[in-house]
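One structure below.
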Amino acid sequence: MTIAEQLRAEGRVEGRVEGRVEGRAEGRVEGRVEGRAEGRVEGRVEGRAEGRVETLVQQLMLKFGPLPETLLTTVRNAPADQLQTWTVRVLTADTLDQLFG
């Protein structure tokens, strides 16, 4: 093997090692950034859902008085679209059965 071939081979090895190190570092940074962004979005979504639940529970208690635990569990586990429907319906319902039936 000539000196030029040997230097090229060493350069390839060094290049591969440097590429792997740089790629891993970039991947870690990108992963952290993406993870933080996803976490913020999920936190906002969860916060809004919790706010909807608390608003609806407060409206229900003001209108109908103390609520059965089973109803509270139903409300806390409901999807966002259902919470929205109930939040509007509570304004016109005269009974819990009308609201949730």
(message) Please go through segment 1-20 and give me each residue that is charged (D, E, K, R) and under 42 Å from the mean Cα position of the chain (by Cα), ordered by number.
(response) GLU14, ARG16, GLU18, ARG20
(request) Scan segment 58-75 for residues that are of a type in the set (Ser, Thr, Tyr) and either loosely packed, with under 13 Cβ neighbours inside 10 Å or more than 23 Å from GLU46 (Cα to Cα) (or both) and jot them down. (result) THR70, THR73
(message) Among the residues of segment 76-101, what is the count of those that are farther than 24 Å from VAL45 by Cβ and among the polar types (S, T, N, Q)?
(response) 3
(request) Please work out which one of (1) part of a helix (DSSP H, G or I); (2) closer than 15 Å to LEU99 by Cβ is the condition ALA25 fails and give its number. (result) (2)
(message) If I ask for residues that are aliphatic (A, V, I, L, M) and modelled with pLDDT of 85 or more, which ones from segment 1-20 would you list?
(response) ILE3
(message) Can you tell me which residue is farthest from the chain's Cα centre (by Cα) among those in segment 76-94 that are loosely packed, with under 12 Cβ neighbours inside 10 Å and farther than 16 Å from ALA49 by Cβ?
(response) ASP94
(request) Select from segment 71-86 the residues that are of a type in the set (A, V, I, L, M, F, W, C) and more than 11 Å from LEU56 (Cα to Cα) and list them in ascending order. (result) LEU71, ALA78, ALA80
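The values are calculated or read from the model by the stated rules, or taken from the named source; none is laboratory data. The structure presented is a predicted model; accordingly, all values stated were derived computationally and were not measured. Don't worry about glycine lacking a Cβ; one is built from the backbone with ideal geometry, like all the others, and counts go over all protein chains shown.
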